[in-house]
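Reading through the structure tokens given below for one structure.
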Amino acid sequence: MSVLHIIAAGLIVFATIFHSVMGEKKLIAPTLAVDDPFIQEPMTQGITRFGWHSASGFFLLTALIIVLPDVPSVLIWATGGLWITLGLTNLIMMKAKHPGGFLLSLIGLLILAGEAL
């Protein structure tokens, strides 16, 4: 584990909190308030909220992967590759108008650089 991994893990924790709090406020709650029979179904509401917030849980899991001792290098490389792929995909899909793409890409770069150095 390197200092770059610790910085990346800190950014992941920040991204996790931001994703859950702001996503709930700006995306999930307004979407689930739409007056549509399907959206108003309790199962639809539960699955939507669960899916969104469980992603945040997986973010935290990747932070653990990069800071725990004796994690196989291939798993750290894969984690860095996943973050940078998600970041670049976000940048492309959102035409660089969503700040998440930059942060996710930076996290991926830090993980990969920390493993390479």
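A few notes on this one:
- For the pair residue 88 and residue 117, the difference between a 0.36 nm per residue extended length and the Cα-Cα distance amounts to 8.2 nm.
- Estimated D of the stretch 50-117 in µm² per second, where Rh is the Kirkwood radius over Cα pairs and Stokes-Einstein applies at 20 °C, 1.002 mPa s: 173 µm²/s
- The structure shown yields Rg/Rh (Cα atoms, Kirkwood Rh), and of the options (1) 0.95; (2) 1.06; (3) 1.18 that calculated value carries the label (2).
- In the chain, the longest principal axis of the Cα atoms and the axis of helix 42-67 are about 10 degrees apart.
- Order by protection proxy (mean Cβ within 10 Å, highest first), peptides 54-63, 83-92: 83-92, 54-63
- By average C-beta atoms within 10 angstrom, highest first, the peptides 10-17, 106-113: 106-113, 10-17
No lab work stands behind these numbers, since they all come straight from the coordinates. All figures in this text were calculated on a predicted structure; none of them were measured in a lab. All Cβ positions, glycine included, derive from the backbone under ideal geometry; neighbour counts span all protein chains shown.
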